[in-house]
Amino acid sequence: MKKAATITATVFLLATSGAFTATRADTASATCEVHDKHGKVEKAASGSCEFSQRQGYVDIKLANAVAHSLSPADAANQYKDAKGHKVVRSMSGQDQVYAWSDTKIVVRFDGGAGAGEVGDTPSDLKDLVGGKRVGGEVDDELTKRGWAQGKSDVAGDDVWSYWSKGGRCVVVKLNAQRKVDSIVNGVEADCKQ
């Protein structure tokens, strides 16, 4: 009886340890610029920061050690902070902007050497940015190059689609004319949602 209980406990621990590993966050170094309700930069909070994302949840740890944990809300690019306040995510070029009613945080991913850095445009896809292809032609070209499409988010006239290939994730932004505005490396969790 004791041996059966030990085996059961061991199986349970092995099964749950895999579940915890699967929910680990993708973390990236970034530069955060914090703005107050008047648009003034808050210097103490701005600077080097840590950005993590997992299964739709976002954590931002600022230079002054203040951390913001955001949970997904009912619509794309809509979040709630730990106090239940509404936060809206938008893109400004390649920057992610998280806006509260009285504050906003601009997250700029540190570009490094190498195509795998979050926020960089991958060298093998630069030719599609600002190119002549539109809408479905972009999708066809990415598919031809071995990329698989995941989810898409719409904000106004812009569409962000998430593509994966061999452990890589890219975010493709199409404008109102359905031309490619940008293609940037994303965090792996974006492509798994």
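Every number here is computed from the coordinates shown, using simple stated rules; none is lab data. This one's a predicted model, so the numbers in the text were calculated from it and none came from an experiment. Virtual Cβ from ideal backbone geometry, glycine too; neighbours counted across all protein chains shown.
Give me the dipole magnitude in Debye, nearest 20, for the range 123-192 about the Cα centre, with unit charges on the beta carbon: positive for Lys and Arg, negative for Asp and Glu. Kindly include the intermediate steps, with their values, before the conclusion.
Numbers: 12 positive and 12 negative charges, 36 e Å.
Dipole magnitude for the range 123-192 comes out near 180 debye.
Quick one: which residues, 5+ away or cross-chain, put their amide H under 5 Å from the amide H of ALA73? H built at 1.01 Å from N.
Close amide H contacts, sequence-distant or interchain: GLN78, TYR79, LYS80.
Compute the distribution of all C-alpha to C-alpha distances in the range 123-192, in bins of 10 Å from 0, and list the percent of pairs in each, rounded to whole numbers.
22, 60, 18, 0
Could you rank the peptides 166-172, 149-155, 82-88 by their average count of other C-beta atoms within 10 Å per residue, with the highest value first?
In descending order of packing, they fall as 166-172, 149-155, 82-88.
Which FRET efficiency value, to the nearest 0.05, is calculated for VAL66 and ASP158 with the Förster distance at 45 angstrom and r the Cβ-Cβ distance? Provide the component values of the computation, followed by the final result.
Working: r = 30 Å, r/R0 = 0.66.
In this case the efficiency is close to 0.90.
Using 21 Å as the Cα-Cα cut-off, could you pick out the over-long pairs in LYS126/LYS179; LYS61/LYS126; LYS83/LYS151; LYS37/LYS80; LYS104/LYS179; LYS151/LYS173? Could the numbers behind the result be given before it?
On the way: LYS126/LYS179 13 Å; LYS61/LYS126 31 Å; LYS83/LYS151 28 Å; LYS37/LYS80 18 Å; LYS104/LYS179 28 Å; LYS151/LYS173 12 Å.
Pairs exceeding the cut-off: LYS61/LYS126; LYS83/LYS151; LYS104/LYS179.
If one computes P(r) from the Cα atoms of the range 26-109, what percent of pairs lie at distances over 15 Å? Mind showing how you got there, number by number?
Values: 1876 of 3486 pairs.
Here the tail beyond 15 Å accounts for 54 percent of pairs.
What is the fewest-to-most order of TYR98, TYR162 by other Cβ atoms lying within 10 Å of their Cβ?
On the way: TYR98 23, TYR162 20.
Arranged by neighbour count, lowest to highest, TYR98, TYR162 become TYR162, TYR98.
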